[in-house]
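**Student:** Before we start, here is the structure in question, set down as structure tokens.
The values are calculated or read from the model by the stated rules, or taken from the named source; none is laboratory data. Everything numeric here is computed off the predicted structure, so don't read it as measured data. Cβ coordinates were reconstructed from backbone atoms using ideal geometry, including for glycine residues, and neighbour counts include every protein chain displayed. Heads up: the accessible areas ignore ligands, DNA and RNA and are worked out on the full protein's heavy atoms, side chains in. Shrake-Rupley method; radii C 1.70, N 1.55, O 1.52, S 1.80 Å.
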Amino acid sequence: MRTFAEVTGAQACARHRGEDEMAEDLLSWKSQYNLGLDEIDAQHKSLLDLINKAWLAIVQRSDQSVVLAVIEELERYTLAHFAAEETFMRVTEYPGFAEHKREHGSFIARIAKEKQRAIATGSLSLDLMYYLRDWLIDHIVVSDKAYAEFTQANNARRTTVLSRFFARFF
């Protein structure tokens, strides 16, 4: 039987879960995902960990209470992360803010839909996992990279102040 990583081409890595077994992660952090904004990079790593936690809930066929806790944690963290990013973009006067905010809105809507599905079925779908994996990586390396480059090129002094500010929340 082929693994999820073999079927999808996802970069999987083994991580000890404190149990006798090893589970494959859906995603592993790569240096190319770094934006050069330490607090945002740390938040992205946390999002990646939450996606891996959701993947683990599928692999382990977790009960509904675990599934709902995972999707709710992902939803809460995502909302907080997006609020931080959007505040950062407004303050640095990022010209692509409106489109970036629309991307966030689309993601939030999808998570809300999947949360309702999880409430009804007690499980997370593989389709959700494909979406989370693809959306997060694409969003980081394209959309987030664009605002990071803009910020670093045009607002170096503000970046330092904002980095200290956002470090308090995460």
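**Student:** Measuring from label point to label point, each 7 Å out along Cα→Cβ, what is the Arg102 to Ser46 span in nm?
**Tutor:** In this crude spin-label approximation the distance works out to 2.9 nm.
**Student:** Using the Karplus curve 6.51 cos²θ - 1.76 cosθ + 1.60 with θ = phi - 60°, what ³J(HN,Hα) values do you get for each residue of segment 93-99, in whole Hz, with x for Gly and Pro?
**Tutor:** Per residue, the Karplus-derived 3J(HN,Hα) values read 6, 5, x, x, 4, 4, 5 Hz.
**Student:** Now for a separate question. Give me the one-decimal nm value for the distance between modelled label points at Asn154 and Glu75, 7 Å along each residue's Cα-to-Cβ direction.
**Tutor:** Between Asn154 and Glu75, the simple spin-label model gives 3.5 nm.
**Student:** Further question: Which value, to two decimals, describes the C-alpha radius of gyration of segment 80-148 once divided by 2.2 N^0.38 Å? Let's see the in-between values first.
**Tutor:** Working: Rg = 13.8 Å, N = 69, 2.2 N^0.38 = 11.0 Å.
Taking the Cα Rg and dividing by 2.2 N^0.38 Å, one obtains 1.26.
**Student:** Right, next: Using the Karplus curve 6.51 cos²θ - 1.76 cosθ + 1.60 with θ = phi - 60°, what ³J(HN,Hα) values do you get for each residue of segment 101-114, in whole Hz, with x for Gly and Pro?
**Tutor:** 5, 4, 4, 4, x, 4, 5, 4, 4, 5, 5, 4, 4, 5
**Student:** Tally up the carbon and sulfur contribution to the accessible surface of segment 35-109 as a whole percent, 1.4 Å probe, everything protein left in place.
**Tutor:** 55 percent
**Student:** Ser123 versus Gln64, label points 7 Å from Cα toward the beta carbon: distance in nm?
**Tutor:** 1.4 nm
**Student:** If the cut-off is 26 Å between C-alpha atoms, which lysines fall inside it for Lys113, apart from same-chain ones fewer than 8 positions away?
**Tutor:** Within the straight-line cut-off, Lys113 pairs with Lys45, Lys53, Lys101.
**Student:** Under the Karplus relation 6.51 cos²θ - 1.76 cosθ + 1.60, θ = phi - 60°, what is the ordered set of whole-Hz ³J(HN,Hα) values for segment 72-84, x standing for Gly and Pro?
**Tutor:** Listing the rounded values in order: 5, 5, 4, 4, 4, 5, 4, 4, 5, 4, 5, 4, 5 Hz.
**Student:** Follow-up. Say a paramagnetic label sat at a point 7 Å from the Cα of Ser143, along Cα to Cβ; which residues of segment 55-93 have their backbone N under 15 Å from it?
**Tutor:** 78-90
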